[in-house]
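Beneath this line is the structure, given in structure tokens, with notes to follow.
The values are calculated or read from the model by the stated rules, or taken from the named source; none is laboratory data. Note that the structure is predicted; figures quoted are calculated from it, not measured. Here the Cβ positions follow ideal geometry from the backbone for every residue, glycine too, while neighbour counts run over all protein chains shown. For accessibility, only protein heavy atoms count, side chains too; no ligands or nucleic acids. Shrake-Rupley method; radii C 1.70, N 1.55, O 1.52, S 1.80 Å.
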Amino acid sequence: MIEDGGKHFCCKGCQGVYHLLTEGGLESFYAKKGDTKLTPVAGSQQDLARFDLEGFAKKYVTQTENGFNEISLIIEHIHCAACVWLNEKILHQTEGIIEANINYTDYKAKIIWDPQKIKLSQIIEKIQAIGYDAYAYDPKVAEEKAQKTRRDYYIKMIVAIFATMNVMWLAIAKYFGFFSGMDKDIKFIISTAELVLATPTLFFSGWVFFRGAYFGLKNKIVNMDLLVASGALLIYLYSIYVLFSGIGETYFDSVTMIITFILVGKFLEVLSKKSAGDSLDSLRAHIPDEITVIKGGKEQLLSATEVQKGDLALLKAGDMAIVDGVITEGEASVDESNLTGESKPLFKQTGDRIISGSTCLDSTLTYRVSKDFKNSTLNSLTTLLEEAQNKKPRIEEYTNTLSRYFSATILTLALLTFAGWYLYSGVFEQSFVTAVAVIIIACPCALALATPVATLVGLGVSFKRGILFKEARHIETIAKAKTLLLDKTGTLTYGKPKVVKEQILKEFDRGILAALLADSKHPISKGVFEYLNAAPTQRLDNFKALEAKGLQASFEGKELIGGSKRFLQEMGYTINREFSSSHFIFGIDGEVAAVYELKDKLKEGVKQDLEKIKGYGVTPIMVTGDNAAVAARIAKAVGIEKYYSEQTPTQKADLVQSFHGGVIMAGDGINDSLALSRADIACVMGSGADVSIKVSDVVLLHDSIKNLQEAIGIGKTTYGFIKQNLWLSLLYNAVTIPLAVAGFVIPLVAALSMSLSSLLVVGNSMRIKLKWR
């Protein structure tokens, strides 16, 4: 017995329910319940205590940059969008919980909380108190739970289908008797048999709807489960009344068919949603738990989390790399399609990088680990995809708000329909059946599924093509964009310019120039450094790298300058010649010592991909720090009409802000961070190992414009299907509800059409896969 404020509770579960009801202004609940004892929340305190164990936290809980705890949970017993809304509302109102997002398609919740204010066990207890349950997300456990859910559906469907088939035979006999005449005793026996078959169908197979309706009403929410449960129960009770009174016709066949059709529809919906989210789950499920490392000359198996940076790992034929590294011994063909979608194997040898998530196809590789599992490319990208699925697009938030009020509106409309028909005809049975048809035919599920299923399919298709949207809402933003700003170097070109001409105007030690260039990350500097093919021979003083300008240092009292013509002119150098290509000028103490001209190669298919982007209604504009002549030549080659040259990083950022109506900024993430941060959508180009994830909204694992074109195309396709789904669900309700109100739809047809509307929306979303095969 627990005492709290003068009141006594049998357990902490009932104590938690009392506080929830009191905080929500529902104290009258106890008065309405009378002396009936409340059932404690399922599960003991020992079960809850395991969520606070150190071992559990080490396996499932991570820390955010702000020091808060984060976990992914699977919420059980969710049936509709209202369930998602209720859980999110209760969690958001709980002190200590920073963020709570639940994905309706797979019931996965991302929860961030302050461990100083609330324990994880208390969060689970809060979820249980409102009629749901939760467990930590684990791909293997999740699959086991999903199989159990499918088995439960199978059993319920077998019972429902068996009862429905037999009820149909009995109903056929009744229908023939209606026209040819039937003795009352025989009719009573047939109706009684229908009652026997309808009862387990309604209360066993249909229990899932009653449970959802109960917890919805308990928390002051009218959901889809209430519509189904109330409609079927009303027909059931009315049919019992008819059976024993002998007045009117029974509708037990409608009861079984309503439950059967909707249950089958829900099961197919579960399978479809599972298929939509398979990209991430299949990848997670196939990530090995262990890795072979070499320590003291011997092979050892370690768990993924035990491997440290600097360890020597072994990758055998058929194995997947779960950490990144650099090959120290061996050569083999490697499949990186898990991450990039590129099906062609790549040949790897000593010195090449191994990206986590890639699979060794033949031979054996030894490599030095460069990133632990937590920071590996594979874990980072799959974590980002999980987070993307939990971040709802704005359009989904609007539809969820609409669907919350939809069910209550339908119940009100059903009551008005009953009243109107009864006043018009005076026939109770006709008025009652028409009102029930209105309740059953309305489908908030189709509306609730319109956005999340299409979004999930779009994210999966993108991921298979090496495109990662960091948030689902970015799909909507990229679909609405009208302008694409493109950096030149590393985006339109390969970002590896080669020296095509060298002019020495003054003799100098090439080792000094190599020393000046050695630490620079700029592609021009790297190109000249590679051309020199000389090791830095001297140590320089006062080295400075001036962003988008050049390099500056001193050596034995002499000033060294390297960079563009514009930069050297600013530093007092006299340079009269014009350049038609990228260039690097090296000066010593006010005199130009050498001039290097470089050319970068355009990426393959750039012009064709930009034409496709234009076809999406997006205008490409090139922004570069290179000179006007180079910018004009590249723009003409790729079919870009508008370009801006000699732009500093700050000027690029200001330019991004000057555009309106949705701006995509695409760059290599090296000198574009500021501009990328100010764009509506930031797309960073690069390989999976080097991609600048932090500054981007969309990660492009392929270093190509085609990948960017696909990202825009998939975004627009997905958003288009979302709008189609919304129109389909709204059109369905706009057509069927008036027909039901007018009395043209019987409950049996209403149940069938309700299930089909949800399947129509899910099936339409799956067409995204067909379009981007």
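Quick notes on this one:
- Tabulated pairs, the stretch 539-550, first closer than 15 Å to Ser564 by Cα and assigned to a loop (DSSP other than H, G, I, E, B), second modelled with pLDDT under 85 and not small (Gly, Ala, Ser), C-beta under 7 angstrom, 6+ apart or interchain: Glu547/Pro649; Glu547/Asn671; Ala548/Thr648; Ala548/Pro649; Ala548/Asn671
- For the stretch 698-735, taking the residues that are among the polar types (S, T, N, Q) and part of a helix (DSSP H, G or I), the one that is surrounded by the most Cβ atoms within 10 Å (Cβ to Cβ) is identified as Thr718.
- Within the stretch 510-547, if we keep just the residues that are among the small types (Gly, Ala, Ser) and in contact with a strand residue (DSSP E or B) (Cβ under 9 Å, 6 or more places away or on another chain), the residue that is most open to solvent (accessible area, probe 1.4 Å) turns out to be Ala545.
- Test: Ala193 is surrounded by 14 or more Cβ atoms within 10 Å (Cβ to Cβ), assigned by TED's automatic domain parsing to the domain that holds Ala229, modelled with pLDDT of 85 or more and in a helix (DSSP H, G or I): yes
- For the stretch 604-640, the set of residues classified as charged (D, E, K, R), surrounded by fewer than 20 Cβ atoms within 10 Å (Cβ to Cβ) and more than 28 Å from Gly720 (Cα to Cα) consists of Glu604, Arg633, Lys636, listed by residue number.
- Test: residue in the stretch 243-251 that is open to solvent by less than 10 Å² (accessible area, probe 1.4 Å) and either in a helix (DSSP H, G or I) or at negative phi (or both): no
- Here Thr537 clears all of (1) at pLDDT below 90; (2) among the hydroxyl-bearing types (Ser, Thr, Tyr); (3) under 30 Å from Gln709 (Cβ atoms) except the condition numbered (3).
- Hits in the stretch 407-460 - residues which are buried (at least 24 other Cβ atoms within 10 Å of the Cβ) and not in a helix (DSSP H, G or I): Ala442, Cys443, Ala450, Thr451
- Of everything in the stretch 354-369 that is assigned to a loop (DSSP other than H, G, I, E, B) and open to solvent by less than 50 Å² (accessible area, probe 1.4 Å), the residue that is farthest from Thr328 (Cα to Cα) is Gly357.
- The number of residues in the stretch 461-490 being assigned to a helix (DSSP H, G or I) and either of a type in the set (Phe, Trp, Tyr) or touching a Cys at 6+ places or on another chain (Cβ under 9 Å) (or both) comes to 2.
- Where Glu611 falls short, out of the listed (1) at negative phi; (2) modelled with pLDDT under 90: (2)
- Filter result for Ser580 (assigned to a loop (DSSP other than H, G, I, E, B), without any contact (Cβ under 8 Å) to a residue 40 or more places away in the chain, of a type in the set (Ser, Thr, Tyr) and not assigned by TED's automatic domain parsing to the domain that holds Ile634): no
- Criterion (assigned to a loop (DSSP other than H, G, I, E, B), modelled with pLDDT under 55 and more than 23 Å from Thr149 (Cα to Cα)) met by exactly one of Lys37, Lys32: Lys37
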